[in-house]
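This report refers to the structure that appears directly beneath it.
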Amino acid sequence: MRKYIFFLTHLFIFTFFCTAEKIKVELQNGSSISGELIKENADYWIVDLGFDLIKIPARECLQVTRNLSEESQQVSGAGNHLYRQNPRASVQPLGALVERLGEAVVMIRTPVGLGSGFIVHPDGYVVTNDHVVAGERIISITRFRKGKNELIKENYDNVRIVATGGNIDLALLKIEGQSGRKTFPTVPLGNSNDLKQGERVFAIGSPLGLERSVSEGIVSLRNRIIQSRLHVQTTAEISPGNSGGPLFNYRGQVVGVNNMKVVSSGAEGLGFSIPVRQLKTFLENRDAFAFDPRNPNAGFRYVSPPQ
């Protein structure tokens, strides 16, 4: 009894003197819980519902939305910009981040190849590289949802190209025909201007078709010019199939879009990502990059006539 009173007393003091952060936890079973965050670590979240405390295992959390007062404004902005941000996200262990963010990273297939991408809006908007889908009209997306004991593949063949920017190597896709299902998990965008040389980052993607592969590294240089475009240089392994996938910091924020590596004898650890600030500009001005299916030069690959 004394231990219980001691716990409640200290909990009251903690709650009284600290400004509790409001969060929304989306669970694996499709339900959600909202309340004030009392404590968090890599294994569980403790949330104050107003009349009781609940301890939520991290493995049961599909997505956690922090700072609901700010996030509500960001979500309304996301309706126009198609992305959300989480500026006050805390640093977490790599394993917990991969488990939480992995379901929003997808594999993209076309008749001639494959790449990676990530979901930025719950309605099914997906970001990837332009060179992953350039010249293609038949596109499929595979998402890997966590089941009870294994990953479950969800395939979507009804995919529309919304916008493409060959000069910046970015493309926006939309999974169609899913209006009656629950919303897709998303990843927040960070700020590539805050990256520091030596900061730890990691990539999730499908190199050579090996889905949900994770590679870790550091930021070698925040602003490197390659092929007249600004890139984040990283030692995280970027292989064919990683193109279009996200580069994360350890706050779980996308800081870059992986798009190339240097392949040369003796060269190792030279991966490059498009800074996320360029992705934000692309999404905010996507009308300027709108894909036109009536344009014979957009979305079609012309092969040589038979000899």
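Brief remarks on what is shown
- Subset of segment 34-67 that is modelled with pLDDT of 85 or more and of a type in the set (A, V, I, L, M, F, W, C) - its residue that is surrounded by the fewest Cβ atoms within 10 Å (Cβ to Cβ): ILE54
- Pair list, Cβ under 7 Å, 6 or more apart: segment 142-154 residue within 18 Å of GLY177 (Cα to Cα), other residue aromatic (Phe, Trp, Tyr) and exposed (fewer than 14 other Cβ atoms within 10 Å of the Cβ): none
- In segment 195-226, residue modelled with the lowest pLDDT [restricted to those that are of a type in the set (Val, Ile, Thr) and touching a Phe, Trp or Tyr at 6+ places or on another chain (Cβ under 8 Å)]: ILE226
- Whichever residue in segment 1-33 is outside any helix (DSSP H, G or I), over 24 Å from the mean Cα position of the chain (by Cα) and not polar (S, T, N, Q) and, among such residues, is modelled with the highest pLDDT: ALA20
- Every listed requirement among (1) in contact with a helix residue (DSSP H, G or I) (Cβ under 6 Å, 6 or more places away or on another chain); (2) over 21 Å from VAL255 (Cβ atoms); (3) surrounded by 15 or more Cβ atoms within 10 Å (Cβ to Cβ) is met by GLY166 save one, (3).
The values are calculated or read from the model by the stated rules, or taken from the named source; none is laboratory data. These numbers come from a predicted model, not from an experiment. Note that each Cβ is placed from the backbone with ideal geometry, even for glycine, and that neighbours are counted across all protein chains shown.
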